[in-house]
1. Quick check on my filter: what residues within region 208-239 are open to solvent by 40 Å² or more (accessible area, probe 1.4 Å), free of Cβ contacts under 8 Å to residues at least 40 places away in the same chain and in contact with a strand residue (DSSP E or B) (Cβ under 6 Å, 6 or more places away or on another chain)?
2. Quick one: Ala248 ticks every box in (1) out of contact with any Asp or Glu (no Cβ under 6 Å at 6 or more places or on another chain); (2) within 21 Å of Tyr210 (Cβ to Cβ) except a single one, so which number is it?
3. Do we find that Leu237 is closer than 18 Å to Cys97 by Cα and modelled with pLDDT under 90 in this structure?
4. Examine region 254-262 for a residue that is touching a helix residue (DSSP H, G or I) at 6+ places or on another chain (Cβ under 7 Å) and of a type in the set (S, T, N, Q), and state whether such a residue exists.
5. Just name the residue that is farthest from Ile236 (Cα to Cα) out of those in region 256-293 that are open to solvent by 40 Å² or more (accessible area, probe 1.4 Å) and of a type in the set (Ser, Thr, Tyr).
6. I'm trying to understand the selection: among the residues of region 272-297, which are more than 13 Å from Arg309 (Cα to Cα), modelled with pLDDT of 85 or more and not small (Gly, Ala, Ser)?
7. Report, by residue number, each residue of region 140-164 that is assigned to a strand (DSSP E or B) and either over 25 Å from the mean Cα position of the chain (by Cα) or more than 19 Å from Phe114 (Cβ to Cβ) (or both).
8. Out of the residues in region 151-189 that are of a type in the set (Val, Ile, Thr) and crowded, with 16+ Cβ neighbours inside 10 Å, which is nearest to Ala249 (Cα to Cα)?
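The values are calculated or read from the model by the stated rules, or taken from the named source; none is laboratory data. Keep in mind it's a predicted model, so treat the numbers as computed, not measured. Glycine also receives a Cβ, built like all others from the backbone with ideal geometry; neighbour counts cover every protein chain displayed. Accessible surface is based on the protein model in full, side chains and every heavy atom, while ligands, DNA and RNA are left aside. Shrake-Rupley method; radii C 1.70, N 1.55, O 1.52, S 1.80 Å.
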Amino acid sequence: PTDRPSMRCALILGCVSVASSLSSRSVPSKVRLLSSGHATHRPVMVLAELQEEVQLLRAELIRKDAIIKGLLSTLETTAITTDGASAPSSTPLQDLCQISKEACDAVTPMLRAFYEKISDQRHGGSSKLKSDATYFTIADGIVQHMFIKHLFAGNKFAQIVGEEDESVINILEKPYTVDDLTVPDEFNSIIAATLKEIDQLSARIDPNLYKTMTVFVDPIDGTREFATAQGEYVTILIGYNDAVGHPAAGIMYRPLTSPVTWAAGAASEEVVMGLLDYADPPVPNGMLITDGQVSPFIVDLIDELGYERVSSVAS
């Protein structure tokens, strides 16, 4: 074609033909019409370039599609939710890890309220309690009570083991109490709201799937850190053993970091979930150890493997 509109129309027809046969390097018959007549070389060259660009774009789309599928697969595997709703899951232990994580989420605002009161008291704020350790005792007792007597209640598990099994907790009738300690009224509303969330989560635990399992609960690991305003080292620990006592699943959750950091999983179902903070710079050959006394066996093991000791700063 000699006029511009006709040439543009021919180019469009040529592009459509190229797009319909992406795998072919040959120029379609309609495009070959451009070879007849005067001034034919440039249009044919343009179409060849367009064909090459289409091939490149196709390869890029395939690459990005693979990336998107990988991301969706990761999200589906971890089943992490951000709106408090249960993520769909096909495995029992994955469900249990998800519910455990949401239970930790539920008690976190209440724990922060007690923890911030300790900080306020250290900066001259008034308090109806005698010491920072008292706040810890109340928080520790209430969280364990909510987990053992509410979240895991109803004969859903073979056994439930807590750190403080002898405490007497009352969070159903006011004034709330933990043993002989009376909970200040300012915490009543957040305790009641938290308990409601825990009861709702309990209803999601299948009453038949976990009857041979044992639950272990350490509601606040890090007594000294909680009572001395070092909350970044405080951890909620929940573990699950199978019928013969082998570890089956669990979660480690730090409620007082910003954002909260946590890790959960179940090896038998290849479940890996969490949000972690990483060392800066990374320590690829590090072994996390207590900042207390390390056993000679661990010392020898670290030396033999050529690892570097990384203190947890949490004992």
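1. Leu237
2. (1)
3. Details: closer than 18 Å to Cys97 by Cα: yes; modelled with pLDDT under 90: no.
The answer is no for Leu237.
4. Yes, because at least one residue in region 254-262 is touching a helix residue (DSSP H, G or I) at 6+ places or on another chain (Cβ under 7 Å) and of a type in the set (S, T, N, Q).
5. By that ranking, first place goes to Ser268.
6. Result: Val272, Met273, Leu275, Leu276, Pro296, Phe297.
7. Pass one, region 140-164, residues assigned to a strand (DSSP E or B): 159-162.
Hits for region 140-164 are Gln159, Ile160, Val161.
8. Initially, region 151-189 is screened for residues of a type in the set (Val, Ile, Thr), giving 160-161, 168-169, 171, 177-178, 182-183.
After this cut, where a residue has to be crowded, with 16+ Cβ neighbours inside 10 Å as well, the list is 160, 169, 171, 177-178, 183.
Details: Ile160: 14, Ile169: 28, Ile171: 29, Thr177: 32, Val178: 30, Val183: 33 Å.
Out of the qualifying residues, it is Ile160.
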